[in-house]
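Comments concern the structure below.
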Amino acid sequence: MLTRAAVRRSSVSLAAVSVLAAACTSATTSPSSVAPATSTPAASSVSASPSQPRTGTIVAEAVATDLDHPATFVFAPDGTIFYGERLTGEIRRIEAATGRNTSVFTVPHVVGEAVNEQGLVGLTVPPSFPDQPWVYAYATRSVGGVAHDQIVRIRMDGKVGTSMQLVLDVQVA
């Protein structure tokens, strides 16, 4: 048995479907903007594939080796690479000019195992870094024996992190 409310709802639904169907089937180009079909492309339209370089060679070069479970990388505007070791919570930096790899800060109480997706898993810096001297980290940490996913920000003083502030805290279910 259809009630008046059910009939009204179905009428509104049918009207919405009709409008969407008309919008999907209407022409979106004018006849003058449609190119005629041809069996061979014009000579001027043939170009190199955008996924392949026209000249030159792509070379892979190791920047750092023997890392301990690196899970997150971010490039600072000056080319410095910050990376996080997932299971230790250590944030390290690789200087672009020298390749020097040094410890910046260790996020305390990081929890995780090699077989799960916990630990220090995200890093970022603001676009105006180092004028805004923060490194943001996303990590699973133990808080009173309970796992929490947290976003923290680490204040940088030169090339070293000096303090950490909690930005977001979510208890892991």
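A compact table of results
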{"quantity": "Gain on full stretching of the segment that runs from Thr55 to Leu87 - 0.36 nm per residue minus C-alpha separation", "calculated": "7.4 nm"}
{"quantity": "Accessible surface of segment 73-160, 1.4 Å probe, proportion on carbon and sulfur as whole %", "calculated": "52"}
{"quantity": "Taking segment 50-173 and dividing mean pair separation by its residue count, relative contact order in percent (alpha carbons under 8 Å, at least six apart)", "calculated": "16"}
{"quantity": "Rg/Rg_ref, segment 84-173, where Rg_ref = 2.2 N^0.38 Å and atoms are Cα", "calculated": "1.10"}
{"quantity": "Solvent-accessible heavy-atom area per residue, rounded to whole Å², over segment 79-145 at 1.4 Å", "calculated": "47"}
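The values are calculated or read from the model by the stated rules, or taken from the named source; none is laboratory data. On a predicted model such as this, the values are computed, not experimentally measured, just so you know. Please note that ligands, DNA and RNA were not included when accessible areas were found on the heavy atoms of the full protein model with its side chains. Shrake-Rupley method; radii C 1.70, N 1.55, O 1.52, S 1.80 Å.
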